[in-house]
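Encoded as structure tokens, the structure appears first; notes follow it.
Please treat every number below as a calculation from the coordinates, not as lab data. A quick note: this is a predicted structure, and the numbers were derived from the prediction, not measured. Note that each Cβ is placed from the backbone with ideal geometry, even for glycine, and that neighbours are counted across all protein chains shown.
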Amino acid sequence: GRIPSAYNRMLRDYVAGGGHFLGSCWGAAQALYPSKVSYGSGNGAGLADAHNSEVVRSFGALGGIGHVVLKNDAPEHPIMWDLPEEIHNVYWNGPVMRPGPHATRLASFVDVVAEDFQFHSNDPAVRRVDVEEERGKCMYLTSRRPGEGNVTLFGNHPEASDSINPFRAPAKIGRAHV
């Protein structure tokens, strides 16, 4: 649903005053403006120097939910230290992002793991287009405009269970200064 404009204003003031924001999935979408996800489009807070690049579909950018593979694009960044080149996470209809000049791309979408991904369409052609359109786009980023706090966004769910995410990215992320 729509978030009250007073809430978005409060978040913008907090980050502008040096506060930090960490958003995953819907929280990441809410930090972008416009917030283009199927379950809460239009009134994001605009916290990050980034935009939502996904095409609004009825069920997120990838047209489904499940196990995805990401590429660690910034292995030297403190948030990404000690994470493998290939990261496995759960995607649940979150945003795919386009970083601006004050943002750093941390990880990008590579592919879905077919046996662990449930597409919302039964049409193989639609499934292929959903994945191909998003391949290589940003899924993790961190942003800091001059004079403001850090905003770190994850378009999917890095807190996934060991069965889906054997690398336990959240344990590392929890130690980082985000």
- Those residues of segment 93-110 whose amide nitrogen sits under 20 Å from the label point placed on Tyr14, 7 Å along Cα→Cβ: 95
- Ordering of 134-142, 5-13 by burial proxy (mean other Cβ atoms within 10 Å per residue, highest first): 134-142, 5-13
- Message: Could you order the peptides 20-28, 116-124 from most to least packed, using the average number of other C-beta atoms within 10 Å per residue?
- Response: 20-28, 116-124
- Query: What order do you get for 78-88, 146-156 when each peptide is scored by the mean count of other beta carbon atoms within 10 Å, highest first?
  - Reply: 146-156, 78-88
- Note on the structure: Simple spin-label estimate for Trp81/Asp123, 7 Å along Cα→Cβ, in nm, reads 4.8
- Note on the structure: Once both label points are put 7 Å beyond Cα along the C-beta direction, the His102-Trp26 separation in nm becomes 2.8
- Counting only residues 5 or more apart in sequence or on a different chain, those whose built amide H sits under 5 Å from that of His51 are Arg98, Gly100
- Message: As an exercise, use a Förster radius of 41 Å and the Cβ-Cβ distance of Asp116 and Tyr7 to find the FRET efficiency, rounded to the nearest 0.05.
- Response: 0.75
